[in-house]
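Peer 1: Okay, handing you the structure first.
The values are calculated or read from the model by the stated rules, or taken from the named source; none is laboratory data. The shown structure was predicted, so the numbers you read here are calculated from the model rather than taken from an experiment. Here the Cβ is made from the backbone with ideal geometry for all residues, glycine too, and neighbour counts use every protein chain on show. Side chains included, ligands, DNA and RNA excluded: accessible areas come from the protein's heavy atoms. Shrake-Rupley method; radii C 1.70, N 1.55, O 1.52, S 1.80 Å.
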Amino acid sequence: MKLASLKGGRDGRLVVVSNDLAWFTDAGTIAPTLQAALDDWERCEPMLRALAESLEHAGVPRERFHEHEAASPLPRAYQWVDGSAYVNHVQLVRQARGAEMPESFWTDPLMYQGASDGFLGPRDAIPLADAAWGGDLEGEVAVVTGDVPLGATRDEALAAIRLVMLVNDVSLRALIPAELAKGFGFVQSKPASAFSPVAVSVDALGDAWKGGKLSGALLVELNGKAFGRADAGADMTFDFGTLVAHAAKTRALAAGTIVGSGTVSNRGADGGPGKPVAEGGLGYSCLAEVRTVETLQTGHPKTPFLKAGDTVRIEMRDARSHTIFGAIEQTVAAS
């Protein structure tokens, strides 16, 4: 089952999308918004699944689905928390800042609370007021949960996962060091994120979803050129059950909570930093990582951060090369 929110109002209009992302049908008779469906999932899910089945057989009124008309599946959410499940990425980025990584990062997930009062649509521009802030893309995977009880176990957390999406978690790298030095977390350095055009139910992912991880190449392009194709299931230190349970350790999570994986990152074949796609490697899912590798190799980075006019594309395809979530495709705009 694939769900989307067409633009209109703050919370969009819930629609069911065909598996090939070619068609949609309105789901308003079941729930007006995705959040409303998540709030009443026990009642809504069977009806949404039946509607999805009817859509596949052209048994209901349908219209062409255009990704540029979609908002993020949840245009705003009650909660957005982002982990750093790929500790390889954490290690490299902290190395670039000259910050030592505690050994506990390999056993206890790192997580921050992001702004969730408004997300960018998957085709919306990335506003960048000052290029000196070091604008960066971050290709990630995220899950949407139902209600998760306080102190949930990993298995309970896994059972509460309703949907899976892709993310561009925009970062302003030049603002991060000074902000973190205050010891109170991200605010200015983490502007609005964007999510994929559709959110996909776990069962619809088939064998790609196993053990709370999504496997498959996360395809990242920068200005039309291949930048990253890291496998989201490889080198993921903490699965989504562990991440969701971590977030719920001291508080219950409300239905509609979004939990991110952090930047997808793979080690190189030799166990060290990965290589660029152009050199036969799997590339990178953010600019900070390639800049770190360049610094390690040459003493200084050569890849610039984002500037106005740059275009970012993030997507994942199945074994038949069909898009799974649709594409996040954003152009950086001076704001």
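Peer 1: Give the cross-link partners of residue 182 among the lysines, using a straight C-alpha distance below 28 Å as the criterion and excluding same-chain residues fewer than 8 apart.
Peer 2: Partners within reach: 190, 249, 307.
Peer 1: Just check the stretch 244-319 against the gyration tensor rule for me: Cα atoms, a ≥ b ≥ c as the square roots of the eigenvalues, rounded for a/c under 1.5, and otherwise prolate or oblate depending on whether a/b exceeds b/c.
Peer 2: Verdict is prolate for the stretch 244-319.
Peer 1: Calculate how large, on average over all directions, the projected area of the Cα convex hull of the stretch 199-284 is; give the answer in nm² to one decimal.
Peer 2: 7.3 nm²
Peer 1: When the helices in the chain are scored as -39500 (n - 2.57) per DSSP H run of 4 or longer and the sum is shared across all residues, what 222 nm value do you end up with, to the nearest 500 deg cm²/dmol?
Peer 2: Dividing the helical sum by the residues of the chain leaves -5500 deg cm²/dmol.
Peer 1: So, one more: Rounded if a/c is under 1.5, else prolate if a/b beats b/c, else oblate: with a ≥ b ≥ c from the C-alpha gyration tensor eigenvalues square-rooted, which is the stretch 147-202?
Peer 2: Oblate is the answer for the stretch 147-202, as a/c is 1.5 or above yet b/c matches or exceeds a/b.
Peer 1: Taking the stretch 266-306, how much of its Cα-Cα pair set, in percent, is spaced more than 17 angstrom apart?
Peer 2: When every Cα pair of the stretch 266-306 is considered, 23 percent fall beyond 17 Å.
Peer 1: Right, another one. For the chain, with a Gaussian network of springs between Cα atoms less than 10 Å apart, report the residue from 102, 75, 273 with the top mean-square fluctuation.
Peer 2: The residue with the greatest mean-square fluctuation here is 102.
Peer 1: If you roll a 1.4 Å probe over the stretch 1-115 with all protein chains in place, what percent of the accessible area is carbon or sulfur?
Peer 2: 48 percent
Peer 1: When the scattering of the stretch 186-335 is computed by the Debye formula from its Cα atoms alone, each counted once and equally, what is log10 I(q)/I(0) at q = 0.20 Å⁻¹?
Peer 2: Listed by q, the Debye log ratios stand at -1.49.
Peer 1: If you don't mind, another one. For residue 297 and residue 7, calculate 0.36 nm times their separation in residues minus their Cα-Cα distance, and state this gained length in nm to one decimal.
Peer 2: Full-extension gain reported as 99.9 nm.
Peer 1: Further question on the same structure: Compute the acute angle (0 to 90°) between the alpha-carbon long axis of helix 41-56 and the principal axis of greatest extent of the alpha-carbon atoms of the chain; round to the nearest 10°.
Peer 2: The answer is roughly 80 degrees.
Peer 1: To continue, here is another question. How far apart, in nm, are two points set 7 Å out from the Cα along the Cα-to-Cβ line at residue 115 and at residue 278?
Peer 2: It works out to 3.4 nm between the two label points.
Peer 1: For the stretch 55-87 and the stretch 273-335, write down the distance between their C-alpha centroids in whole Å.
Peer 2: Value for the Cα centre distance between the two parts: 22 Å.
Peer 1: Here is a follow-up. Return one whole number: the accessible area per residue of the stretch 218-301 in Å², for a 1.4 Å probe.
Peer 2: On a per-residue basis, the stretch 218-301 sits at 39 Å².
Peer 1: Let me ask something additional. Considering only 177, 132, 191, whose Cα is most displaced toward the positive end of the charge dipole of the chain, charges sitting on Cβ of Lys, Arg (+1) and Asp, Glu (-1)?
Peer 2: 132
Peer 1: Solvent-accessible area of residue 275, probe 1.4 Å, all protein chains present, reported in Å² to the nearest ten, please.
Peer 2: Surface accessible to solvent at residue 275 totals approximately 120 Å².
Peer 1: Quick one: Kirkwood hydrodynamic radius for the chain, alpha-carbon pairs, angstrom, one decimal?
Peer 2: With all distinct Cα pairs of the chain included, I get 20.0 Å.
Peer 1: Something else: Roughly what % of DSSP beta bridges within the chain run antiparallel, to the nearest 5?
Peer 2: 90 percent
Peer 1: With springs only between Cα atoms under 10 Å apart, run a GNM on the chain and tell me which of 176, 324, 126 wobbles the most.
Peer 2: 176
Peer 1: For the stretch 31-172, just list the percent of Cα-Cα distances falling in each 5 Å bin from zero outward, please.
Peer 2: 2, 7, 12, 18, 17, 16, 12, 8, 5, 3, 1, 0
Peer 1: What size of dipole, in debye to the nearest 20, comes out for the stretch 225-335 about its Cα centre when the only charges are +1 on Lys and Arg C-beta atoms and -1 on Asp and Glu C-beta atoms?
Peer 2: 180 debye
Peer 1: Given Cβ point charges of +1 (Lys, Arg) and -1 (Asp, Glu) and nothing else, what value in debye, to the nearest 20, does the dipole of the chain about its Cα centre take?
Peer 2: Its charge dipole is roughly 480 debye.
Peer 1: Under a 10 Å cutoff between Cα atoms, tell me which one of 147, 207, 169 has the largest fluctuation in the Gaussian network model of the chain.
Peer 2: Largest GNM mean-square fluctuation: 207.
Peer 1: Under 19 Å between alpha carbons, and skipping anything fewer than 8 positions from residue 213 in its own chain: which lysines qualify?
Peer 2: In chain and number order, the partners are 2.
Peer 1: Got a number for carbon plus sulfur as a percent of the stretch 118-245's accessible area, 1.4 Å probe?
Peer 2: C and S atoms contribute 55 percent here.
Peer 1: Let me ask something else about it. How much accessible area per residue does the stretch 113-196 have, in Å², with a 1.4 Å probe?
Peer 2: 39 Å²
Peer 1: Take the solvent-accessible surface of the protein heavy atoms, probe 1.4 Å, and return the percent of it on the stretch 266-335 that carbon and sulfur atoms account for.
Peer 2: Here carbon and sulfur together make up 53 percent of the probe-accessible area.
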